[in-house]
Each structure stands twice: as structure tokens, then as C-alpha cells.
Amino acid sequence: MIVNLTRNGWEIIYHRAHALLAANIAGQWRRSKTPLRLYETIAAISHHDDLEREWEGDHLTPAGAPLDFTLGTESSLEKLQQHMADACYRGRWVALLTSKHICFLNQNQWETSQEWKDFLNQQLQLQEQWRQELNLTSEEAEEAYQFMRWCDRLSLILVQQQIPDAGRALEITSGIKGQRYDLRQVTDGQLTVEPWPFEKDQFMVSVEASYLPDLKYDSNEALVKALQNAEIKVLEWTFAEQS
């Protein structure tokens, strides 16, 4: 989960909600510039964090605060294997993008054990198999994945409250055909992306956030109960093309 400190406690955004926000951003992309299989790609984006289950497992720091995902431990191989099995139910395209994302997130695990090496090598083999079966070039598959990463990155910037102030620009990524995209907040509080990649000249996206008043919790059970009874607010962002 994404955890932000507020004046009155914690703001919590579930990872699946962040993934849905990323999918909503993807749906706004200029239709003439979208990657292949747009709707399946959006499905992969919206489900890429299904592994995260904030109402299960250990989600507290040693001090009893809600555990932000950046402070968590690496996912277990067993969970990642199940995540890949679930992705396969949605088809090879979704599985291909999910597999590429898993390899990207866990690239530092390659030499940590033989089990990790075997798992990641298997993912590369499956990616090549699915790519050939889907009659894709390596460039087409990579462009679709970079699009997925772009939307995921912009969503994370929003939910982690990383939008720069004073009109300063923040790079999103330069992965899509080497094009750099910057996020910037304009004077009226709206956001813009330069260069503008979206179909409409203005649109709004949103995500639900839960608010906890207590800074620490005695157990995961107490945290889960608080989350299930938390006040929920909708966070909204308006994007607009600048002339």
C-alpha cells in the first residue's frame, strides 16, 4: 500500500487502486499513438498489482506504523508464480506484460539464489515463447511494456504526492521510443504533460484514499479493522493541454 503522512494521521492508497488509476491514465492516451492491443494492455495495467493484499499478511513497521510498499520486503517466489498463473487466465498478452514487469521489479534478485535465477530465466523464455506465438516483434512487445511502465510511473507520482511545485517539471519516463515526458503543475492547480500525449485536451482522473487517525497500531488485526472502517475520500487530478 502507498502510505502518506498527513496532519491528522495517515493517508492510505491501496496498490490495486493505484493500478486502476494507471489504467485510467492509459485509457486517455491518443488513439493514433497507442500500443498494440490497447484494451488488453489496459487490463494488464489494471491488474499488475493484484499480488498486493493489504488486508492480509504483515503490513506494520517495527514501530507499529502502516508499512509503505517502498519499505517492504521482496515478494516471495511462490507468490510471484501464483501471480503469473493468474495473469495467464487473461491471455498471453497480459501474461507477457506482467512477466516483463516482474522481471523489471526483481532484476536485482538474479544472482541472489539459484531459485531466483531459474524463475527469472523461465520468465524470459516464456516471454519469448508468447511473443512468437502472438507474432510480435521485440520492439512491439517492448513498446507496449514501456507504455505500461509510463502509466504506472505517472500514477505513482500522483498517489505518492510527488508533484513538484512552483511550476517545476518532473520527468515521468523516457522509455516510449526514447521520448521524454515531463509532468508539471500549472498556475490554476491543473496538471499538464509535455509533450501532450493524450486524446482529449482536458480530462480528470481519480483514486480512492483511506484515512487513519492513529499513528501506530498494536497488531495487523487492529490495522485491518481500522482500514475497513476508515473514512474514504476521492482524490482528483485534472490534466489540461497548454497552448
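The values are calculated or read from the model by the stated rules, or taken from the named source; none is laboratory data. Predicted, not measured: the structure shown is a model, and the values here were computed from it. Positions of Cβ are generated from backbone atoms using ideal geometry, with glycine treated the same way; all protein chains shown enter the neighbour counts. Side chains are part of the model used for accessible areas, which takes the heavy atoms of the whole protein and leaves out ligands, DNA and RNA. Shrake-Rupley method; radii C 1.70, N 1.55, O 1.52, S 1.80 Å.
Take the chain with all the other protein chains still there, run a 1.4 Å probe, and you get 53 Å² of accessible area per residue. Mind checking which aspartates and glutamates have their C-alpha under 19 Å from residue 216, skipping anything on the same chain fewer than 8 residues away? Excluding near neighbours in sequence, the set is 11, 54, 56, 58, 68, 231.
Work out the charge dipole of the chain with +1 on the Cβ of Lys and Arg and -1 on the Cβ of Asp and Glu about the Cα centre, then indicate which of 181, 106, 42 is farthest towards its positive end. Ranked along the dipole, the leading option is 181. The charge dipole of the chain, taken about the Cα centre with unit charges on the Cβ atoms of Lys, Arg (+1) and Asp, Glu (-1), comes to about 560 debye, rounded to the nearest 20. Taking only the alpha carbons of the chain, we obtain Rg and Dmax values of 18.9, 54 Å in that order.
Highest mobility in the GNM of the chain, judged by mean-square fluctuation with C-alpha springs under 10 Å and restricted to 15, 48, 59, is found for 59. Per residue, the convex hull around the alpha carbon atoms of the range 69-128 comes to 83 Å³.
Taking the protein heavy atoms of the chain in the context of the full set of protein chains, the accessible area attributed to carbon and sulfur is 46 percent at 1.4 Å.
Of the cross-linked pairs 79/225; 200/233; 79/177; 33/100; 100/233, those separated by over 30 Å at the C-alpha level are 79/177; 100/233. Expressed as a whole number of Å, what is the distance separating the alpha-carbon centroids of the range 67-107 and the range 184-242? Here the answer is 24 Å between Cα centres.
What the pair-distance distribution of the range 114-177 shows, using all Cα-Cα distances binned every 10 Å from zero, is 18, 30, 30, 17, 5 percent.
The alpha carbons of the range 95-144 stretch over 33, 17, 15 Å along the principal axes, in descending order.
Anything in the chain that counts as a DSSP H helix reaching 30 Å or more along its axis (C-alpha) with Kyte-Doolittle mean of at least -1.0? List them, would you?
Counting only whole DSSP H runs, the qualifying helices are 138-159.
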